[in-house]
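Only one structure is covered here, and it is reproduced in the block below.
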Amino acid sequence: MQVYNDSKLEEAATAKLREAGLRPTRQRVQLACLLLDGRNRHLSAESVQREVTANGGQMALATIYNCLHQFESAGLLKRVHAAEDVYLFDTNLGPHHHFLDVTTGELMDMPAGDLAEFDLPEAPAGYQADSVEIIVRVRPKN
């Protein structure tokens, strides 16, 4: 499968993978070209597969899942529990919160500063807060 014929893009993707401690296999490089291009997006494995296909490639869904989880473990993506059994992979690694459209399932970044800061409760004994991620569920007005 050849999704891109852009050697500079592939070189940049390969470098990002190596910096993250991942071996730059053909599949990982191709997915890194699609996912690590600087755009802030929220993707499911299925939407990634559709994008691979739209770019002239083919990749098994299991391979995509494996790569997404490897990218997450390496710190290249963040997994967001959007709804019930739905997880999306977020390319925006900075601290931020989300809006979730409950009618479409679309996850949207909340603009920085839109959520007033608040005091967290004290963590249980022996624990410390690692992060806070807020998802505000929204629906279109009637």
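Screening Thr104 against (1) over 21 Å from Gly38 (Cβ atoms); (2) among the β-branched types (Val, Ile, Thr); (3) surrounded by 13 or more Cβ atoms within 10 Å (Cβ to Cβ) leaves a single unmet condition, (3).
Can you tell which of Arg28, Arg39 is exposed (fewer than 12 other Cβ atoms within 10 Å of the Cβ) and of a type outside the set (S, T, N, Q)? Even if it seems obvious, please write down each step before you answer.
On the way: Arg28 fails: exposed (fewer than 12 other Cβ atoms within 10 Å of the Cβ).
Only one candidate passes the filter, namely Arg39.
Screening Asp37 on (1) touching a residue at least 24 places away in the same chain (Cβ under 8 Å); (2) among the acidic types (Asp, Glu); (3) touching a strand residue (DSSP E or B) at 6+ places or on another chain (Cβ under 8 Å) shows it passes everything except condition (3). Residues of segment 75-89 that are over 12 Å from the mean Cα position of the chain (by Cα) and surrounded by 13 or more Cβ atoms within 10 Å (Cβ to Cβ): Ala83 alone.
Whenever a residue of segment 101-130 is closer than 19 Å to Leu43 by Cα, its partners that are modelled with pLDDT under 85, lying with C-beta atoms within less than 6 angstrom and at least six residues away or across chains, give the pairs Leu107/Ala82. Of the listed requirements (1) over 21 Å from Ala15 (Cβ atoms); (2) modelled with pLDDT of 95 or more, Phe71 misses just one: (1).
Screening segment 38-64 for residues that are within 12 Å of the chain's Cα centre (by Cα) and not hydrophobic (A, V, I, L, M, F, W, C) and picking the one that is farthest from Gly105 (Cα to Cα) gives Gly38.
Scanning segment 109-131 for residues that are modelled with pLDDT of 85 or more and either under 17 Å from the mean Cα position of the chain (by Cα) or not in a loop (DSSP other than H, G, I, E, B) (or both) yields Asp109, Met110.
The values are calculated or read from the model by the stated rules, or taken from the named source; none is laboratory data. On a predicted model such as this, the values are computed, not experimentally measured, just so you know. Heads up, the Cβs are rebuilt from the backbone with ideal geometry, glycines too, and the neighbour counts pull from every protein chain shown.
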